[in-house]
Each structure stands twice: as structure tokens, then as C-alpha cells.
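The values are calculated or read from the model by the stated rules, or taken from the named source; none is laboratory data. On a predicted model such as this, the values are computed, not experimentally measured, just so you know. Every residue, glycine as well, gets a Cβ built from its backbone with ideal geometry; the counts of neighbours run over all protein chains shown. With ligands, DNA and RNA removed, areas are computed over all heavy atoms of the protein, side chains included. Shrake-Rupley method; radii C 1.70, N 1.55, O 1.52, S 1.80 Å.
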Amino acid sequence: MTEIASTVVRGACPHDCPDTCALLTTVENGRAVRVQGNPAHPMTDGVLCAKVSKYTERTYHPERILTPLKRVGPKGSGQFVPVGWDEALDDIAERLQAIAARDAQAILPYSYAGTMGLVQGESIAARFFHKLGASLLDRTICASAGAEALTQTLGNKVGMKVQHFAGSKLIVIWGSNSIGSNLHFWRIAQEAKRNGARLVCIDPRKSETADKCHEHIALLPGTDAALALAVMHQLITHGWLDQDYIDRYTLGWDALRERALQWPPERAAQVCGVPVEQIERLARDWGTTRPAAIRLNYGMQRVRGGGNAVRAIACLPALTGAWRHRSGGLLMSSSGHFPVRRAALQRPDLQGQRRPRTINMSTIGDDLLRQSSDEFGPKVEALIVYNSNPVAVAPQSGRVVQGFAREDLFTVVLEHFKTDTADYADYILPATTQLEHWDIHTTYGHTDVLLNRPAIAPVGQAKTNTDIFRALAHRMGFDEPCFDDSDEQLCRMAMGDDKDFEVLLEHGFASLPIPDAPFAEGHFPTPSGKCEFFSQSLADQGLDGLPDHVPNYEVPGTDARYPLAMISPPARNFLNSTFVNVQSLRDIESEPLLEIHPQDAVVRGIVDGALVEVFNDRGRYLCKARVCERARPGVVNGLGIWWRKLGLDGTNVNELTSQKLTDLGRAPVFYDCLVEVKASLR
């Protein structure tokens, strides 16, 4: 009998999720056979979500790309032939050099959070594009409205420690389906609930999380700021304020007070589409319960006024002095706590005196179709995509497809699979998965740094992102020593001396030394050191320095052709467009679905399971109707994000979303979208 050589390798989950779990990968005779949560990591506690527990299915997927591929058919046809690495890289470098000789700004990188790792994300890749002088990418597609709002209010993306929600007596889960997208926080919230805490969920959709909370406030999309201002109104009129905390540790109270008094619950109830009594109860709970905490997530900032909404909500803990207690306050993102040495990793100094233009990733549909002009600059001639699937995930995907289909656009995609985007590539380059490379991870849901060590050798001919960009750099004649930094060196460089790398090597994780109640006595990382209700920085930009309700671009009732608001939250077993091609997970989701309330279904002659068309001026999307009360009246939920080619008619829900941007942070407005629905005749 052959002896099995078995090892266990410590790692980290790479995906765009606040939990950033510590992993243990069991390897037998060089093959990964099991991925588990690391029980030694307090946040992970040995538990993984259903998606990542099946990670070996991704790594050894029968459709994984294991050799470079060159397009031989029309763009979008998915017709490719295998080629060698040298042939692919030589041709890519030659094509890029020719474009750069005219204007390097005609070359655009496109990447986001396919991995959240600092090394396989923006290290060697960023150095390459900085040295080249390529256009810069404004990476806005997920969180930049909320990030800007937190920065303008609290000073950075900071908040309470997630583990201390266990001691809260009131937890408001605002804009988050935590069971599906923040599992480890949900386990902490359940502990608090068992100890007597009240849980309130605020979400247009009656999510799986809402099912398990004491109360669900099903407000209309884009009305969160109105709700927060009405809560402030009640705090003021009932005397539920911590005036001492306000006087010592906040800025702009008098002006905010005046604004909040314009929002009695009756006014907010009309805007939000919820009963007055719910608003009054929420305010009473927030004003009279100690300690009280808000778990805020990014769904609610994907509307026109998303930045203002986050600002308004972020003011609430300071009004009641919730920050005084370690189990009080707010958490949206903890990523600002991490002392990442981004300049050392990304080397913006390689640009020299050049100042390339910046293109917003959320408007890629329009920008790929723009011609050269003085205002825009050169037409985009080359696109290098890594850690992203824009044809599936970017808004108004019909326009995105038109741009990617340009025959004069040279496109290179680093990928694991033939995604919707890869189908439009001139070259697909096989990238490693998390089990095959070094990386280091911060997080936005807790305060630990995690190290990922390669558990197995690269499968097939796959290369790390860093190796691919190193090889291109050498072919382009970039001879700076920084292009030879190894991945392990980059991991060490990411935190510098702020984190003992030997601890990471030994344990796989290390905690940041952050006080349990970081803002108990102010000390916010704002210019004033206070929670800034009024932001002078915003006022200097000609914007409102106070948070306010900013109505959606597309308000229900303003267009008779499209009477329904649509949001597009993730299907529970997908993570953005990742895992859609894992058969076991896709089998659970079955098919693209639109949740519609029985009231809205019956007047349209739609029955459960019917094939329906969802449409507006931007496009049409075919899916199955699920008639249920997870949707509130007047709002439909298009669960995403399916790959277009795995949908029922070659589209997905982003066929309907727009390329308009938020009030702050230049982010997309996925949940600011009016549609109509009808039974399909197909």
C-alpha cells in the first residue's frame, strides 16, 4: 500500500467578504483534498461558509484554464486555441509597446476584488502599470461611496471591534444579509441574542437575516438617510441624547440638530414607505438601550444618495454616546485600521513626472465606446483584466458588451475560467488560485492580518498574477530591481515593521493592537479629532457639509412605464460572480430568479415559477419569478450575479442597472433602478 504524505497548510480566504477567514488546507501527495476553517483563529473558529468549504472544487474544476489561450473566433464566441507562455507574453508585450509608443494612457488595467490579497492584487501589477504610464483605474464598484462617507464622518474606515457585538443589547443590522454575507458576525449576533439582545434588520428585502431578527424594517431602496434623520429627530425631542459626548467629541451639532428637526417620523414614513410606529420604536430602542451597536453594510450605499445615507447613520452612535462602551458604536469597515504600506507595494513613484488620467471602473460600458478627445484623452486601445469579471458585474452590461466586442480593442484576461469577460479576450492567461500562491490579507470585518502560504504547486501551467506581470515587465524592458521582488518579500513589505512576520509564519494570523473602545473619549482620525457631523472638506468641494436625504435618480412613482424599484442582492451561494460555475453551488441556486411580492404578481398575471421579462430603457432580462413576501410591495429583487452565458437568454440582472454615480465616492447605483415585469411569451 502506498503511504500517503499528508500536510496541513495555513492560509486565508481571498474573497470579497468581511470575514476573511483563516484556512487550513489538507494536502495529500501534492493534491489539496480538503479546505477547512482554522479553529485556532478566534474569528473563524473552525467554520467556513458553504462556498469556500468547496474551494477544492474551484481549484480542480474540469473547466479550469490550465494553459494560455489565444482567440481564433469572433469576440465573445469563446473560441480559443492553446499557445505557449513565451508566444503569448511576447505578443502581448509587443502589442502594448506599440500602443504605449503612441500614448500609454490608451492602455487600461481593470481589476478589483477577485482576490483581496495585497500581493496578487495591486503590487507587481500596480508597479507595471505605473512604470508603463497607463491610465489609472478608479476602483469604485463596490464600496467607495460608503468609504468616502466614513472618512468624512469618522476620519477613516474604522469602527468597533466585531467580537464586541456579543455584549450589545441592541444590534441594528442595516443593509446586510449577514447570514449569507457575514456569517461570522452573524454567529456573534446570535450569541448576543441568546444573552437578551434585541436584533433589528433594516433592508428592503425580507432576507434570511431578517427572518431571524426581532423586527424587520422594509424601507424603500434609497431612503436610509431619511430614516436615520427621523431617528435623530426623536432622539432630540425625547431627550435621548448624550449631550456630554456631543459637546466634547463631535463637530457641527447645532447645524445637524436643525436639519434633523425637519424630519419628524411622519415625513420619513412617507418617504421610506414604512409605518410611523416602526420609526418611533427604532428611535426609542436606539435612544434607551445600552450598549447599542449598528452593523452597517454596503448594500444601502448603492443608490444616488448612498454616501449621505452612510454619513447620517454614522452620526447616530455619537449622539447617544454609544462609542463609550466597547459593545457600542458602529462597524461598516475596519480596513482603515491596517497600516498597509501601499506606496512601497505599488510604487507610484515609477510614474515619474507623468500624471495619467483616471477612468472609473463603474462607467467602463461608456468609456470603452468613447473616441479620442481633448476631454477624454486617447481612446482605450488595450485592456488588461485581472481579479474581475466586468462583463458580468459592471452596470448596464449591454453597453459593457458593446465595448468589449470592439475588434480594435486588444484585451488580455488573467483568469481561472472562461468567464463572460474571458470570452472577449484576445489572450486568456491562466492564473493561480489561493491554494497555489503567497499572499497577505487585511480585512474589512475584523482586525487581524492573515498570511496565505501556497499549499500546492500551480496546477497545469498556471502562473501567479505577480509572475505574469514580472514576465511582461522584463519583456517591456523595465529593469528596476523592484520587479524582481519575490512574493514572500512582498508579503513582508506590506506591513513593514508593524507586524512581526515570524508570528504570521508560525500562526497564520496576528491581531492589530487596537483599543477595545477606540472612540470612548473621541480621538477620531478626523482633522478635528472629533466625529464630524459637519464636514468642512465636503463644504470646500461645494457639497453639503451635513448629511441629508438625497432621493434616488429613479424614484418609484415618477415613471409610469416602470413602476417597480429593483435591487439586485447576491444569491446566497454566489459571491458577486464568483462560484457561479461551481456545479454544486449552482445546483442549489437552480436558475436566475426575481423575487416579486404577491400583490405585484397578481396584477401582472404572474405565478410562481413563471418565466418573466424584467425590462427598462436600458435592456431586458429573462428569469424565473419567485412570488413571495421576501419582496416588499413595489420592489422586486433580482438575485445575482449570474454569468450572462449561464442565464436564460445570455444576459443577467446588470442589463438593467445604470452607469450613474453616487453623491460621494463616484460609485455605481446598482439599487437605484426602476423596471417593469411581465410574463414572458417564450
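Right, Gly114: open to solvent by 10 Å² or more (accessible area, probe 1.4 Å) and out of contact with any Leu (no Cβ under 6 Å at 6 or more places or on another chain) or not? It is true that Gly114 is open to solvent by 10 Å² or more (accessible area, probe 1.4 Å) and out of contact with any Leu (no Cβ under 6 Å at 6 or more places or on another chain). Would you say Glu591 is assigned to a loop (DSSP other than H, G, I, E, B), within 28 Å of Cys49 (Cβ to Cβ), in contact with a Lys or Arg (Cβ under 6 Å, 6 or more places away or on another chain) and in contact (Cβ under 8 Å) with a residue 40 or more places away in the chain? The answer is yes for Glu591.
Taken over the stretch 643-656, the criterion of being in a loop (DSSP other than H, G, I, E, B), in contact with a helix residue (DSSP H, G or I) (Cβ under 8 Å, 6 or more places away or on another chain) and open to solvent by less than 10 Å² (accessible area, probe 1.4 Å) is satisfied by Asn652 alone.
Would you confirm whether or not the stretch 245-253 contains a residue that is at pLDDT 95 or above, over 34 Å from the mean Cα position of the chain (by Cα) and farther than 17 Å from Arg311 by Cα? So far as the stretch 245-253 goes, yes, one or more of its residues are at pLDDT 95 or above, over 34 Å from the mean Cα position of the chain (by Cα) and farther than 17 Å from Arg311 by Cα.
With respect to the stated conditions, Ala471 is under 29 Å from Arg406 (Cα atoms) and assigned to a helix (DSSP H, G or I). Considering only the stretch 61-92, state which residues are of a type in the set (A, V, I, L, M, F, W, C), in contact with a Leu (Cβ under 9 Å, 6 or more places away or on another chain) and either over 30 Å from Arg453 (Cα atoms) or surrounded by fewer than 17 Cβ atoms within 10 Å (Cβ to Cβ) (or both). Those that are of a type in the set (A, V, I, L, M, F, W, C), in contact with a Leu (Cβ under 9 Å, 6 or more places away or on another chain) and either over 30 Å from Arg453 (Cα atoms) or surrounded by fewer than 17 Cβ atoms within 10 Å (Cβ to Cβ) (or both): Phe80, Val81, Val83, Trp85.
Of the residues in the stretch 285-294, at least one is within 24 Å of Asp663 (Cα to Cα) and out of contact with any Lys or Arg (no Cβ under 6 Å at 6 or more places or on another chain). A search for C-beta distances below 6 Å between a residue of the stretch 238-257 that is over 24 Å from His549 (Cβ atoms) and any residue that is crowded, with 17+ Cβ neighbours inside 10 Å and among the charged types (D, E, K, R), counting only pairs 6+ apart in sequence or on different chains, returns Tyr249/Lys530.
Determine whether Cys142 is out of contact with any Leu (no Cβ under 8 Å at 6 or more places or on another chain), more than 18 Å from Ala431 (Cα to Cα) and touching a residue at least 40 places away in the same chain (Cβ under 8 Å). Considered against the rule, which asks whether it is out of contact with any Leu (no Cβ under 8 Å at 6 or more places or on another chain), more than 18 Å from Ala431 (Cα to Cα) and touching a residue at least 40 places away in the same chain (Cβ under 8 Å), Cys142 comes out as yes.
Screening Val27 against (1) open to solvent by 30 Å² or more (accessible area, probe 1.4 Å); (2) touching a residue at least 24 places away in the same chain (Cβ under 8 Å) leaves a single unmet condition, (1). Scanning the stretch 594-622 for residues being of a type in the set (Asp, Glu) and either modelled with pLDDT under 95 or in a loop (DSSP other than H, G, I, E, B) (or both) gives a total of 2. Only one entry of Asp479, Asp516 meets the criterion of being touching a residue at least 24 places away in the same chain (Cβ under 8 Å), in a loop (DSSP other than H, G, I, E, B) and either surrounded by fewer than 14 Cβ atoms within 10 Å (Cβ to Cβ) or touching a Gly at 6+ places or on another chain (Cβ under 9 Å) (or both), and that entry is Asp516.
Show the residue pairs that are 6+ apart or on different chains and have beta-carbon atoms under 9 Å apart, the first residue being within the stretch 58-71 and more than 24 Å from Thr411 (Cα to Cα) and of a type in the set (S, T, N, Q), the second being open to solvent by 20 Å² or more (accessible area, probe 1.4 Å) and in a loop (DSSP other than H, G, I, E, B). Correct list of pairs: Thr59/His416; Thr59/Val459. Only one of the numbered conditions (1) touching a strand residue (DSSP E or B) at 6+ places or on another chain (Cβ under 7 Å); (2) crowded, with 24+ Cβ neighbours inside 10 Å; (3) under 21 Å from Arg492 (Cβ atoms); (4) not small (Gly, Ala, Ser) is violated by Thr466, and that is (1). Within the stretch 313-367, the set of residues being more than 26 Å from the chain's Cα centre (by Cα) and either modelled with pLDDT under 95 or aliphatic (A, V, I, L, M) (or both) comprises Ala318, Leu319, Ala322, Leu350. Criterion first (in a loop (DSSP other than H, G, I, E, B) and at pLDDT below 95) does Gly78 satisfy it? Taking the combined requirement at face value, the residue satisfies it.
Of the residues Thr421, Thr442, the single one that is among the hydroxyl-bearing types (Ser, Thr, Tyr) and closer than 18 Å to Gly117 by Cβ is Thr442. Of all residues in the stretch 360-388, exactly one satisfies the criterion of being part of a loop (DSSP other than H, G, I, E, B), open to solvent by less than 10 Å² (accessible area, probe 1.4 Å) and closer than 26 Å to Asp617 by Cα, namely Leu368. Taken together, Ala344, Ala318, Ala269 contain a single residue that is surrounded by 24 or more Cβ atoms within 10 Å (Cβ to Cβ) and in contact with a helix residue (DSSP H, G or I) (Cβ under 9 Å, 6 or more places away or on another chain), which is Ala318. Within the stretch 623-650, if we keep just the residues that are under 22 Å from Pro563 (Cα atoms) and within 22 Å of the chain's Cα centre (by Cα), the residue that is modelled with the lowest pLDDT turns out to be Gly640.
For the stretch 342-363, check the following and say yes or no: at least one residue is within 30 Å of Val391 (Cβ to Cβ), hydroxyl-bearing (Ser, Thr, Tyr) and without any contact (Cβ under 8 Å) to a residue 24 or more places away in the chain. For the stretch 342-363, residues within 30 Å of Val391 (Cβ to Cβ), hydroxyl-bearing (Ser, Thr, Tyr) and without any contact (Cβ under 8 Å) to a residue 24 or more places away in the chain: absent.
For every residue, the table says whether it meets (1) at pLDDT below 95; (2) charged (D, E, K, R); (3) under 24 Å from Ala228 (Cα atoms); (4) crowded, with 23+ Cβ neighbours inside 10 Å.
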{"site": "Gly175", "(1), (2), (3), (4)": "no, no, yes, yes"}
{"site": "Leu183", "(1), (2), (3), (4)": "yes, no, no, no"}
{"site": "Arg187", "(1), (2), (3), (4)": "no, yes, no, no"}
{"site": "Ala197", "(1), (2), (3), (4)": "no, no, yes, yes"}
{"site": "Ser207", "(1), (2), (3), (4)": "no, no, yes, yes"}
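Within the stretch 169-205, the set of residues being touching a residue at least 60 places away in the same chain (Cβ under 8 Å) and charged (D, E, K, R) comprises Lys169, Arg187, Arg198, Asp203, Arg205. If only residues of the stretch 324-361 that are in contact with a Phe, Trp or Tyr (Cβ under 8 Å, 6 or more places away or on another chain) and among the small types (Gly, Ala, Ser) are counted, the one that is farthest from Leu154 (Cα to Cα) is Ser327.
Out of everything in the stretch 30-57 that is more than 24 Å from the chain's Cα centre (by Cα) and within 20 Å of Val459 (Cβ to Cβ), what residue ends up being surrounded by the most Cβ atoms within 10 Å (Cβ to Cβ)? For the stretch 30-57, the residue satisfying everything is Ala32.
Considering (1) open to solvent by 20 Å² or more (accessible area, probe 1.4 Å); (2) within 25 Å of Gln659 (Cβ to Cβ); (3) at pLDDT 95 or above, the lone condition that Cys142 does not fulfil carries the number (3).
Of the residues Arg399, Arg453, Arg406, only one is touching a strand residue (DSSP E or B) at 6+ places or on another chain (Cβ under 7 Å) and basic (Lys, Arg); which? Going through Arg399, Arg453, Arg406 in turn, just one is touching a strand residue (DSSP E or B) at 6+ places or on another chain (Cβ under 7 Å) and basic (Lys, Arg): Arg453.
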